[in-house]
1. Quick check, is A93 at pLDDT 95 or above and either outside the structural domain of E32 (by TED's automatic domain parsing) or closer than 23 Å to A29 by Cβ (or both)?
2. Across segment 313-333, what is the number of residues that are within 26 Å of M162 (Cβ to Cβ) and more than 16 Å from the ligand (Cβ to nearest atom)?
3. Could you list, in sequence order, all residues of segment 304-316 that are open to solvent by less than 50 Å² (accessible area, probe 1.4 Å) and either part of a loop (DSSP other than H, G, I, E, B) or closer than 13 Å to V230 by Cα (or both)?
4. From the residues in segment 260-290 that are modelled with pLDDT of 95 or more and outside any strand (DSSP E or B), which one is farthest from the ligand (Cβ to nearest atom)?
5. Is it the case that some residue within segment 228-248 is in contact with a Cys (Cβ under 7 Å, 6 or more places away or on another chain), farther than 24 Å from N314 by Cα and in contact (Cβ under 8 Å) with a residue 24 or more places away in the chain?
6. Collect the residues in segment 286-296 that are in contact with a Gly (Cβ under 7 Å, 6 or more places away or on another chain) and either closer than 14 Å to T248 by Cβ or surrounded by 15 or more Cβ atoms within 10 Å (Cβ to Cβ) (or both), keeping them in residue-number order.
7. Can you run down the residue pairs with Cβ atoms below 8 Å, 6 or more apart or on separate chains, where the first is in segment 186-197 and in a helix (DSSP H, G or I) and the partner is of a type in the set (S, T, N, Q) and within 12 Å of the ligand (Cβ to nearest atom)?
8. Taking the condition of being more than 18 Å from V243 (Cβ to Cβ) and not in a helix (DSSP H, G or I), how many residues in segment 317-354 meet it?
Amino acid sequence: MSATFDDLENLTVQFVERARAATNSGEIALVETELRSKSGPFAALQRSVGQLNPEERGPAGAALQAARASVEAAISESRERVSVIERAQQLDADRLVLGDVPMGGTFPATVGHVSAVARTQDELEDVFVAMGFTVADGPEIETDWYNFEALNIPPAHPARGMWDTLYLEVGEPETVLLRTHTSPVQVRLMQDAVASGTLPIHAVMPGRCFRRDTPDARHLMAFHQIEGLVIDRGITFADLAGVIDAFTKAYFGPDMSSRLRPAFFPFTEPSAEFEITCAICRGAGCRTCSHTGWIELGGCGMVDPAVLAAVGINPEEYSGFAFGFGIDRCAQMRHQIPDMRALIDNDDRFLRQF
Ligand code: DAH
């Protein structure tokens, strides 16, 4: 096509319209190629600029540049529009329909089942309910106040080092974290009982807890605990020891022993660690129990008067005990699982055994 400067406006309109009318990227590419082609009309005009009178060259060059720019703009607008359409067409074409996928196969279809941990939790609840406890629960996302402060662990207290905490939000208006134990549910239960005038309390509280910990044979980062709380008049340490022992025999079997060893927890005084015979080696010593013959299940003690006072219970009138231990650890002992990580590994050969 040979064009003159008189045609420039028509030429431009023509190119812009072709770009706008394009319905696919191929058509757009064609317009673009012609616009840039050395043998195209725009290149021809460019060459003819040199033959114009010197005073005409400037304005002609500028007009040509403006014309090209408006065609380029129409091309890029069109490209955006067409790419949306083409993407939708592509997605449509890629859709799988019944019949595209071969349905046969000879694999055995297996039915899922309740996990060993969930089953253990149910069994533990049954044992405690049979002993007269009710079952309660509380949130996994807690405030610093419930997880620590109300449990007699003020900010920056060194005892906080006992729990490697995963914080969600630090500071104003409140520090929020993933609960490191089920003990905050004690606080909520006591508050509720005070508010509704329903003391005494005999309850267990199962639930998931989280710690910034390296998993090993006996620890997971997300694990389960069950908390126990009894608040009544005249409760003593002997009641605590009796409940722990009755639980151990009822759940693990009459041949299993429990023992309490002095320990420290900020929310109980006195405090104890609660251990049972290692069910993997029956007390002989193995890797799971670090060759001690005993497995620590959790902690317990008499509820510290400061904790009672923090929720408005008169420590002169009421006393109580609390305990908390690992549900996963119970599942491990009950089913003699040497490495607790197997519970969350999703190895079907392992899981199928339960
Ligand atoms: N919350 C403690 C922990 O996770 C365990 C514990 C200790 C719970 C003593 C209690 C208790 O209720 O009295 O390490």
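The values are calculated or read from the model by the stated rules, or taken from the named source; none is laboratory data. Quick caveat: nothing in here was measured; it's all calculated off a predicted structure. Cβ: placed from backbone, ideal geometry, glycine included. Neighbour counts: every protein chain shown. When the accessible area is computed, the model is the full protein with side chains, heavy atoms only, and any ligands, DNA or RNA have been set aside. Shrake-Rupley method; radii C 1.70, N 1.55, O 1.52, S 1.80 Å.
1. Here the answer is no, as A93 does not meet what is asked.
2. Counting residues in segment 313-333 that are within 26 Å of M162 (Cβ to Cβ) and more than 16 Å from the ligand (Cβ to nearest atom) gives 3.
3. Answer for segment 304-316, where residues must be open to solvent by less than 50 Å² (accessible area, probe 1.4 Å) and either part of a loop (DSSP other than H, G, I, E, B) or closer than 13 Å to V230 by Cα (or both): D304, L308, V311, I313.
4. Filtering segment 260-290 for residues that are modelled with pLDDT of 95 or more and outside any strand (DSSP E or B), the one farthest from the ligand (Cβ to nearest atom) comes out as P266.
5. yes
6. G293
7. From residues that are in a helix (DSSP H, G or I), there are no pairs.
8. Count: 12.
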